[in-house]
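The structure appears below as structure tokens.
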Amino acid sequence: MTATTNRPTTTPLGDAATGVVDGTATTPRPRKPILAASGGPAKRPSAAAHLTDADVEQLGKELDALRDRVIATRGAADAAYIRRVIRIQRTLEVAGRATLLFSKKKTAFVAGTAMLSVAKILENMEIGHNVLHGQWDWMRDPDIHSTTWEWDFVTPAAAWKHTHNDLHHTWTNVLGKDKDVGYSILRMDEDQPWHPGNLGNPLYNMILAPFFEWGIAIYDLELEAVKDGEKSKDDLKKDLKAMGRKVVRQFTKDYAATPLAAVPFGSGKQALIGTFTANAIRNVWAHSVIFCGHFPDGVDTFTEEEIEGETRGDWYIRQMLGSANISGSKLMHIMTGNLSHQIEHHCFPDLPSNRYHEVAVEVREICQRYGLPYTTGPLPKQVYQAWAKVFRLALPNRPRPLPKNAAHAVNAPVPPRRSALPMVARVG
């Protein structure tokens, strides 16, 4: 059996990933599993059902060794990479805002909005997301550290680290545990109960995409946990105050400072529209990338039974089966924050993002060797599949067909929801 323990709440200032907000310890939050040293769960996911306990143990050792090799070779080249990306991002942001001062001219409006959009995408995806995962903490640079970085998103970094780093990456795709499966508003798995409100799935998602940062900010408040008594109202008040401060900061920067600076040039209205558009473009892009990594065809979800007794190797398998990659160019990988390597990111969330491309080669080979699916495909295909799921799951589940030659059997078994497809069927 997998033991669990109440997560401690006395971590460094500002790390809400472990229940501390603004230096104040909160009440114990959802319990974190302790992986079993050996054995395995009573029931493994069907895609991994062919593996023995010894196979899974060996797989875990191989992936641990891969992680250790990357950690041992982190150095100056990696540090130079993230500093270069930060420098490019800040240059683009300053240039974009400066250009919007003259956005009464159409060319300046388009150029300024484009530069600011790219700057915001880089800050959120390749910099903010990865810095907040602690990928660059080893540099010991106080300006590029998970405990000090505050990103260009309305949700405070501390709140996001709790719901994302601690909860999502711990309970990846475990129904009832990982609230990222649908973000408490969308029905994204057929094992989630259907109710009439799910008919709004497509509409909810259409609204969520351009306002994604606001959806995440509300989600990070964990209103459902408050309703269930897992989070105190005092903690909610603290989180609301922190979010309020962040909203004021973001609004001042985007919707006050930049437009007001453009007023003397007759471009105040255009600058306001430009910054709003840049935020919307960033939100739609982030929404697309994240949905491609978690919801296209081939990505699995799990029951609590399937993680009970989970070992380190089983945890790796869950991360690989519960994630999907996006194929594309080097530039596309950077613009996704290297979340185009979502499988590798979920296996090794604290490794520098610029190393995922080399890790991916070995992870894919390990999947092939152990007969595990490795889901990947181009961005348009993954976006289509994720949106198709949004529409499909707005409706009640269709009756599952009986196996061939069993139509007249009195007690014919229902086919399993998760079939162990041949690997080639899931590798795009």
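The values are calculated or read from the model by the stated rules, or taken from the named source; none is laboratory data. Because the structure is predicted, anything quoted here is derived from the model rather than measured. Please note: Cβ atoms are built from the backbone with ideal geometry, for glycine as well, and neighbour counts cover all protein chains shown. SASA here: full protein model, heavy atoms, side chains in, ligands and nucleic acids out. Shrake-Rupley method; radii C 1.70, N 1.55, O 1.52, S 1.80 Å.
Test residue 101 against the criterion of being surrounded by fewer than 23 Cβ atoms within 10 Å (Cβ to Cβ) and in contact with a Ser or Thr (Cβ under 8 Å, 6 or more places away or on another chain), and give yes or no. When the stated conditions are applied, residue 101 passes them.
Among the residues making up the stretch 57-87, those that are crowded, with 16+ Cβ neighbours inside 10 Å and within 15 Å of residue 123 (Cβ to Cβ) are 82, 85, 86. Among all positions in the stretch 293-313, there is at least one residue which is of a type in the set (A, V, I, L, M) and under 21 Å from residue 205 (Cα atoms).
Screening the stretch 220-270 for residues that are free of Cβ contacts under 8 Å to residues at least 60 places away in the same chain and of a type in the set (Phe, Trp, Tyr) and picking the one that is surrounded by the fewest Cβ atoms within 10 Å (Cβ to Cβ) gives 251. Screening 74, 69 for residues that are touching a Leu at 6+ places or on another chain (Cβ under 9 Å), at pLDDT 95 or above and over 26 Å from residue 298 (Cβ atoms) leaves exactly one candidate, 74.
Taken across the stretch 48-56, residues that are within 30 Å of residue 304 (Cα to Cα), open to solvent by 40 Å² or more (accessible area, probe 1.4 Å), of a type in the set (Asp, Glu) and touching a helix residue (DSSP H, G or I) at 6+ places or on another chain (Cβ under 9 Å) do occur, with at least one present.
Residues in the stretch 130-143 that are more than 15 Å from residue 337 (Cβ to Cβ) and touching a Lys or Arg at 6+ places or on another chain (Cβ under 9 Å) were compared, and the one that is most open to solvent (accessible area, probe 1.4 Å) is 138.
Scanning the stretch 118-131 for residues that are over 12 Å from the mean Cα position of the chain (by Cα) and more than 11 Å from residue 353 (Cα to Cα) gives 118, 119, 120, 121, 122, 123, 128. For residue 303, are the conditions met, namely being touching a helix residue (DSSP H, G or I) at 6+ places or on another chain (Cβ under 6 Å) and of a type in the set (Val, Ile, Thr)? No. Listed by first and then second residue, the pairs with beta-carbon distance under 9 Å, at least 6 apart or on different chains, first residue in the stretch 383-394 and free of Cβ contacts under 8 Å to residues at least 24 places away in the same chain and farther than 9 Å from residue 202 by Cα, second open to solvent by 30 Å² or more (accessible area, probe 1.4 Å) and in a helix (DSSP H, G or I), form an empty list.
Scanning the stretch 33-47 for residues that are out of contact with any Asp or Glu (no Cβ under 6 Å at 6 or more places or on another chain) and open to solvent by 70 Å² or more (accessible area, probe 1.4 Å) turns up 34, 37, 38, 42.
Is at least one residue of the stretch 300-310 in contact with a His (Cβ under 9 Å, 6 or more places away or on another chain) and open to solvent by less than 10 Å² (accessible area, probe 1.4 Å)? No, there is no match, as no residue in the stretch 300-310 is in contact with a His (Cβ under 9 Å, 6 or more places away or on another chain) and open to solvent by less than 10 Å² (accessible area, probe 1.4 Å). In the stretch 313-388, counting only helices (runs of 4 or more DSSP H) that sit wholly within it, the ones holding 3 or more residues that are of a type in the set (D, E, K, R) span 356-369.
Has the stretch 120-129 got any residue that is buried (at least 23 other Cβ atoms within 10 Å of the Cβ), under 17 Å from residue 272 (Cα atoms) and at pLDDT 95 or above? For the stretch 120-129, residues buried (at least 23 other Cβ atoms within 10 Å of the Cβ), under 17 Å from residue 272 (Cα atoms) and at pLDDT 95 or above: present.
Here the condition is being under 16 Å from the mean Cα position of the chain (by Cα) and without any contact (Cβ under 8 Å) to a residue 60 or more places away in the chain; of 324, 360, it holds for 324 alone.
Just one of the listed residues (83, 74) is among the charged types (D, E, K, R), within 25 Å of residue 347 (Cα to Cα) and not in a helix (DSSP H, G or I), and it is 74. Among the residues of the stretch 269-294 satisfying the criterion of being more than 18 Å from residue 129 (Cα to Cα) and among the β-branched types (Val, Ile, Thr), which is farthest from the chain's Cα centre (by Cα)? Among them, the one singled out is 273. Evaluating residue 155 against the criteria (1) out of contact with any helix residue (DSSP H, G or I) (no Cβ under 6 Å at 6 or more places or on another chain); (2) open to solvent by less than 10 Å² (accessible area, probe 1.4 Å); (3) not small (Gly, Ala, Ser) leaves one unmet condition, (1).
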